[in-house]
1. Evaluate E = 1/(1 + (r/R0)^6) for C:Ala289 and C:Gln363, where r is the Cβ-Cβ distance and R0 equals 22 Å; express this FRET efficiency to the nearest 0.05.
2. What residue among B:Leu199, B:Gly133, A:Asn206 has its Cα farthest toward the positive end of the dipole of the protein assembly as shown, where the charges are +1 on Lys, Arg and -1 on Asp, Glu, each on the Cβ?
3. Where does the protein assembly as shown land at 222 nm, in deg cm²/dmol rounded to the nearest 500, when only DSSP H runs of n ≥ 4 count, each adding -39500 (n - 2.57), divided by all residues?
4. Would you mind giving the mean number of other chain beta-carbons within 10 Å of the Cβ of each residue in C:224-237, as a whole number?
5. Would you list, by chain and number, the aspartates and glutamates whose Cα falls below 14 Å from the Cα of C:Lys47, excluding same-chain residues fewer than 8 positions away?
6. Lysine pairs, Cα distance under 29 Å, 8 or more residues apart or cross-chain: how many in chain B?
7. Expected output is a single nm value to one decimal: the length gained when fully extending between C:Asp150 and C:Asp122, i.e. 0.36 nm times separation in residues minus the C-alpha distance. What is it?
8. If you project the alpha carbons of the protein assembly as shown onto the principal axes, what extent comes out on each, in Å, largest first?
Amino acid sequence: METGIEIKNLSKQFGKKQALSDVNLTIERGMFGLLGPNGAGKTTLMKIITTLTKKSSGEVRICGIPVEECKRVRQITGYLPQDFSMYGNMNAYEALDYLAVLSGMEKEERKKLVPEMLEKVNLTEQKRTKVRAMSGGMKRRLGIAQAIIHNPKVIVVDEPTAGLDPEERVRFRNLLCEVAKDRVVILSTHIVGDIEATCERIAVLNNGSIIFDGTVSGLLKLAEGKVYSAEVSTMELPKLREKYQITGMLTNGSLTHVKMIAQTKPLPEAKACAPDVEDAYMYLMQQGGVC
Amino acid sequence: MERIVRAGVSFLKSSYIPHLLFTFLFCLASGGLMSFRNLDERQAAQVMEMYVTFAGILLLTPLFLPEGNREIWQLEKSKEMPMWQLYLPRVLTALVVMAALVSIFPLIMKQGGGTFDYGRLWLGAFVEMLFLGSIGFAVSAITNQTVLGYMLAVIYYAVNMGGGKYLGKFALFQMMKGSYGFIVPMAVSACVLMVGSVLLRER
Amino acid sequence: MFFPLFFKECRQIAKSLVYYLYLIILVLFLTSQLSDGDWSDRLTEPKPGQESYGFKESEDETLIMESTLAELVRETDWNSYATYPFMFYKEVTLNDSELAEIEQILFECTGKSFEQLLDEMDAHFSGYDQSTMEGAPISGQTFLVEPAEDLTFEEFQNAMKRVCGIIGKGSAFEPEKLTASEPKTYEDALEDYRALCEKDKVTGAYMRLFCDYAGIMLVILPIFLGATRCLRDKRADAQQVIYARAASSLQVVGSRYLANLFMAFLPVVLIAFLLQSPYLYLARTNGVAPDVLAFLKYSVGWLLPTLMVTLALSFVLTELIGNVFAVILQVFWSFACIALETSLVGEFGFHLEPRWNTVGNTQSFFAQLGQLAINRLFYLLLAILLFGLTVLIFDRKRKGGVFWHGKNSKSRG
């Protein structure tokens with residue numbers, strides 16, 4: 001496959017801990033979401049794809065290149081780690097230029113692209129701001145700029161919107177969608193809203209195994225008929241919480257509008273409603289990954 | 001009080017034990033490098049000043065290691081407990097270990113037939129160790145870079161090995177020459193350096 | 001990719017506090033040590049009939065015995081014996097029975113009691129200038145002790161072996177290390193002067209002294225430059241972002257190492273050039289054509305391998321250990337290297353810092369030049385090896401290999 005990632009029987013062990021267990025995935029062009037709780041193995045998978053961690057067994061190919069060929073893989077991948085940072089005394093321009101040099105870009109190319117990238121991520125005004133003086137949002141934008149500046153075929157972003165305000169989050173998602181038009185973008189997150197807004201295909205990882213691999217609509221179908229909404233007395237909430245998984249709540253005085261997951265109608269007054277991605281994800285986790 | 005002790009224990013477990021171990025190994029190595037037998041005043045001073053006082057650098061310089069990560073530093077600063085209460089148990093631990101070293105070495109030398117004034121040697125060596133360590137402590141505190149702290153303290157020591165003629169009362173190795181006039185100025189300077197650098201750091 | 005990286009690294013180094021401290025300490029140390037000495041008398045042609053022309057090493061067995069016995073009497077009088085058992089200075093003090101054994105050996109070698117020998121020593125020094133510099137008499141005449149008439153050199157060597165058995169290893173009484181010095185004659189001094197003018201061309205002689213002092217700093221200061229650079233990625237949490245880049249480990253580490261080397265070496269060469277200048281003038285004044293490039297030859301040939309190996313070791317230790325312990329370990333190694341020096345002039349062996357704490361002794365230097373060349377080549381190769389090791393370690397870390405605890409401490413999610 002020329003543009004895509006193939007993962008076959010991938011496993012990774014850290015001592016006694018099995019971080020990834022027999023993972024099989026095919027990721028094609030476009031936005032691909034990787035969901036899962038903390039400790040599921042998402043970052044480990046990201047790091048294997050970006051050659052920062054060696055796999056224990058299995059096969060991984062990035063655009064047809066085996067992941068063992070680190071140099072070739074690094075030439076075609078861009079990575080935005082979860083806790084992106086750069087040297088504090090460099091300003092945005094210097095930091096981006098430095099990382100562009102490390103990506104093998106020539107002087108003329110950098111002279112043209114660095115300002116372009118800063119413009120793209122809305123950091124032109126802050127190009128002389130030192131990294132240590134940047135806000136979280138600015139750092140993230142700088143992070144995405146460095147991940148795409150060398151025009152990689154595959155971009156891996158790990159929790160890119162964590163800590164961003166809603167406006168920045170939307171801007172980020174739009175930027176990612178734009179760059180995903182003709183390349184693979186893997187978005188690893190546990191913010192379901194990011195997936196909903198940008199990804200067509202997703203995989204859900206739990207305890208090192210893939211428990212769902214398919215489209216967003218496929219995930220939603222799983223939870224069809226399992227999500228109910230009802231208006232209940234606020235006093236009844238604790239009892240309800242004990243019995244059912246509550247996925248949404250809106251309190252209005254003494255009444256609360258709740259959304260919950262249940263195999264069958266939980267309350268006489270409950271109505272079945274269309275699940276969203278979060279509901280479907282919660283349902284999947286509740287089922288222990290049987291799909 | 002309990003919180004201060006808890007903070008100290010936490011620092012010990014998370015950061016300081018390797019440094020204590022290293023200091024211990026450093027002291028153990030002294031047996032192979034120096035003689036402790038039949039030492040007079042000057043020779044005993046040489047052991048303490050040229051070797052043992054170096055432990056001051058090893059013990060006082062790394063006390064700000066956890067705060068090397070600015071985010072941790074800021075997180076600590078945001079808490080109710082004042083920073084001096086966080087640093088106090090660290091400094092006290094270092095001082096206790098220093099006092100122990102300065103007590104043990106002369107005892108070993110006495111056992112080896114040494115003839116010298118124990119009390120005077122103890123005081124001079126402790127103050128010198130404190131002063132040397134306070135240089136590393138102060139530089140680490142102000143720059144928040146432990147490497148810089150080691151650099152300046154080690155260079156100060158090295159310069160003194162070469163003579164230290166411009167350093168007056170702040171020159172090291174004065175006990176070897178029979179002079180003890182450095183004790184008060186060095187002790188005061190060490191205290192000023194340590195307190196002053198912490199105040200500057202927390203501004 | 002390499003040159004842009006190299007220049008960026010140089011610019012970053014030029015903005016760093018550690019580098020400025022390095023510069024300040026280097027300049028202060030060299031100017032304070034080298035500005036005091038007035039070596040112009042060494043550069044003056046000796047005249048017949050001078051009181052003293054200095055000293056040279058002697059192979060006369062009788063002189064060696066006389067000189068060694070005198071040294072033994074002196075050290076026994078002070079009960080303080082200088083030894084270098086693990087190549088680190090250790091002063092030994094003996095108890096009464098051990099002292100009695102030494103006195104017995106002296107008696108066997110001289111036929112005189114220790115008291116008689118002390119009397120002789122007192123009588124010798126009472127006739128001359130008693131002023132001392134930190135305990136070492138600086139009178140013009142050397143104190144010598146006459147050995148017993150029938151004492152052969154072999155017997156003497158055996159006696160010294162017994163002395164070593166009492167004092168411990170590493171003393172000056174080891175049979176292989178026995179030495180003596182004798183006064184130079186006018187002809188010796190003239191020959192030395194001619195060698196200084198013709199072989200050293202004056203500036204070379206001074207540059208050796210410069211290298212002697214500069215070497216001390218270059219064994220210590222670059223440790224901090226290297227450690228600071230290698231810890232920078234960790235401090236800035238930038239490791240992952242840099243590791244994921246296409247640049248090879250050789251390019252990344254190479255640019256950092258060479259940039260540090262360049263920035264650390266440049267001031268050394270500049271200071272050497274500046275300090276050499278007065279001696280260019282002095283040489284020309286004395287009608288000697290100086291070696292204008294002596295500053296560069298000696299800086300590169302003598303000092304550069306020391307700098308390279310110190311920096312390379314700093315890189316490899318810091319990459320391996322990943323924290324400030326690398327600095328502490330290497331500081332101890334550096335001090336040990338300095339203490340390793342058993343001679344302040346020559347005897348290069350495989351010492352990291354070759355010493356030549358004098359101006360001149362040209363013939364002696366050129367006689368040992370081969371040894372120096374081997375020494376420098378050894379450290380150059382060692383530096384390259386250590387650099388290679390750093391690249392390997394960096395590359396391994398980049399691919400997720402760890403060196404502590406066997407776990408990836410950053411594993412999350």
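1. According to the calculation, E is roughly 0.65.
2. Highest projection toward the positive end goes to A:Asn206.
3. Result for the protein assembly as shown, helices only: -17500 deg cm²/dmol.
4. 4
5. Those aspartates and glutamates meeting the cut-off are C:Glu187, C:Asp188, C:Glu191, C:Asp192.
6. 6
7. 7.5 nm
8. 123, 64, 48
Bear in mind that the values in this text are calculations on the coordinates, not laboratory data. Keep in mind that this is a model prediction, so the values were computed, not measured. Counting neighbours? That spans all protein chains shown, and the Cβs are built from the backbone with ideal geometry, glycine included.
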